[in-house]
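Below: the structure, in structure tokens.
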Amino acid sequence: MAWMDCCCHGEARRRTTCCGGMLRHVPAFTVQAVHRPRRIPIFCIRGPEGSRFRRFLLRGDIPIGREWGERSRKHHVRWHIPPEQLDYQRFLPLFFDGLCEDTFPYRELARHGVADLLQTGTERQILRTVPMLILPMREALNRRNPDIIIATLRALQQLLRVGPSIGPALVPYYRQLLPILNLYIRCYVNIGDAIDFRGGRRLGEVINATLELLEQCGGADAYLNIKYMVPTYESCVYNC
């Protein structure tokens, strides 16, 4: 009798679970009592947000535009003012802010503008703007769009190749730039014996190449800071 009373008491007992921040009572030992946590959308693409680059471009404050060739009929970028005559502390952060754009023509104008400014600018001009480029690059990486991440990393690689003083200046900002790279560093595609027609344009390969360039250009403390943020990264300098 005592055993039957205990079983009856167990069947009548209710279990408390949390659903959407509210407590609800469900029968014990049922499917409803199993608490299944929600999946965190880590790799979901973030929604588009209006950038400062788009706002300034529509207002006519950025001296860049589109030009269509008659023969090639392809899109070209035309500067109203030569890039070397611009104020880098004002315009280079604006163009980096446009890297988060994924719509035409803002995407093409921002990426071509960043490439032209980094190519024509001097190391001294660009070094002054490095602290102002961290926030736009972090916002572009946090969009978690593979195309935007690759474009941002390409711009970062070109920035590192400007001069030897750029790499050590970026080391204090690894904690703001590398967390997203740690999420996508293992995004490789196993194609077997097939031909990879997207060689060098896959996310995992671009991230690995960027980390290696950061280590090579960042000085003696670069590897320790990269290893702290990306534990699976292996050195390309000390393991040679």
- Hey, can you tell me all the residues within region 144-167 that are open to solvent by less than 40 Å² (accessible area, probe 1.4 Å) and closer than 14 Å to residue 107 by Cα? 145, 148, 149, 150, 151, 152, 155
- Note on the structure: Conditions (1) surrounded by 21 or more Cβ atoms within 10 Å (Cβ to Cβ); (2) in contact with a Pro (Cβ under 7 Å, 6 or more places away or on another chain); (3) within 19 Å of residue 77 (Cβ to Cβ) -> residue 113 fails only (2)
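Which of the following residues is surrounded by fewer than 22 Cβ atoms within 10 Å (Cβ to Cβ), more than 14 Å from residue 63 (Cα to Cα) and without any contact (Cβ under 8 Å) to a residue 24 or more places away in the chain: 129, 122?
Being surrounded by fewer than 22 Cβ atoms within 10 Å (Cβ to Cβ), more than 14 Å from residue 63 (Cα to Cα) and without any contact (Cβ under 8 Å) to a residue 24 or more places away in the chain holds for just one of 129, 122, which is 122.
Could you please find all residues in region 29-46 being within 29 Å of residue 93 (Cα to Cα), modelled with pLDDT of 70 or more and not basic (Lys, Arg)?
The initial filter retains those residues of region 29-46 that are within 29 Å of residue 93 (Cα to Cα), namely 42-46.
Within this subset, residues satisfying the condition of being modelled with pLDDT of 70 or more are 42, 44-46.
Hits for region 29-46 are 42, 44, 45.
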- Message: Which pairs turn up if I take residues in region 150-163 that are within 14 Å of residue 207 (Cβ to Cβ) and in contact (Cβ under 8 Å) with a residue 12 or more places away in the chain and look for partners that are assigned to a helix (DSSP H, G or I) and of a type in the set (Asp, Glu) with beta carbon separation below 8 Å, at least 6 apart in sequence or on another chain?
- Response: none
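The values are calculated or read from the model by the stated rules, or taken from the named source; none is laboratory data. On a predicted model such as this, the values are computed, not experimentally measured, just so you know. Neighbour counts run over all protein chains shown; Cβ positions are idealised from the backbone, glycine included. Accessible surface areas use protein heavy atoms only, side chains included; no ligands, DNA or RNA. Shrake-Rupley method; radii C 1.70, N 1.55, O 1.52, S 1.80 Å.
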